[in-house]
Amino acid sequence: DTGVSQDPRHKITKRGQNVTFRCDPISEHNRLYWYRQTLGQGPEFLTYFQNEAQLEKSRLLSDRFSAERPKGSFSTLEIQRTEQGDSAMYLCASSFQGVNSPLHFGNGTRLTVT
Amino acid sequence: LAKTTQPISMDSYEGQEVNITCSHNNIATNDYITWYQQFPSQGPRFIIQGYKTKVTNEVASLFIPADRKSSTLSLPRVSLSDTAVYYCLVGDIENNYGQNFVFGPGTRLSVLP
């Protein structure tokens, strides 16, 4: 179990640029989640995949955000035309389906939009 | 959607037992209670999960009364390294793990020497 890996750990970009983050979940896990966390707040759910199917999207996920999980393995989260309000920690988590399968989080990608 | 309420912050001293209570008055039949710990610049880490009565593992205990409208995370003999934010989540982890599994602002525990 190598844990959930996220890349990059930090990203600084200028407003209006596009950014893409990658998440490599624990290999046996079929569920993958993206969350966003701002300072002093708990993580906010963005979207969730079961295998390669994107099953839920939060209303927080505007049309500038898109997530993919090709082949049910790694996932990418892209933000187009970034805004300063997108500055946050983006967390990825994975799990099995079912009881006694908690979320395993990566250490996140911290995005700063200048 | 089972909303949770926790104290915003707590202080304790090294070696003491810490109990953090979470209220979830509208918990549903299929909902489980899960606690996570988060250190700065890290993702949350699973601590413990339960459905009813008492659950214990190597790091914590979780007490859930019969009505399940609250739960208490108990950390025995805390150390400075237990300083973190603790989140209580309630949700149907079998069938609906996305939008109905909500992190609140958590409880910021400060352990003092």
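No value in this document is a laboratory result; all are computed from the given coordinates. Please read all numbers here as calculations on a predicted model, not as lab measurements. In this analysis, Cβ positions are derived from the backbone assuming ideal geometry, glycine residues included, and neighbour counts consider all displayed protein chains.
Observations, loosely collected:
- Given their separation in residues at 0.36 nm each and the Cα-Cα distance between them, A:LEU55 and A:SER73 gain 5.0 nm when the chain is fully extended.
- Cα gyration tensor, chain A - rounded (a/c under 1.5), prolate or oblate: prolate
- Assigned charges on the beta-carbon of Lys, Arg, Asp, Glu; region B:18-113 dipole about Cα centre (debye): 220
- Neighbourhood net charge (10 Å Cβ-Cβ; Lys/Arg +1, Asp/Glu -1) for A:ALA67: 0
- 5 angstrom amide H check on B:ASP92, placed H, neighbours 5+ away: B:TYR32
- Dipole of chain B [Lys/Arg +1, Asp/Glu -1 at C-beta], most positive-end residue of B:THR107, B:PHE46, B:PRO76: B:THR107
- Candidates A:GLN41, A:GLN80, A:PHE105 compared by Cα position along the dipole of chain A: farthest toward the positive end lies A:GLN80, with charges placed on Cβ.
- Length gained when the stretch B:SER41-B:ASN26 is fully extended (0.36 nm per residue, less Cα-Cα span): 2.2 nm
- Mean Cα-pair separation over length for chain B, i.e. relative contact order, pairs under 8 Å, 6 or more apart, %: 36
- Sorting A:32-40, B:83-91 by their mean Cβ neighbour count within 10 Å, with the most densely packed peptide first, gives B:83-91, A:32-40.
- Net lengthening on full extension, B:LYS69/B:ASN57 (0.36 nm per residue, minus Cα-Cα): 2.1 nm
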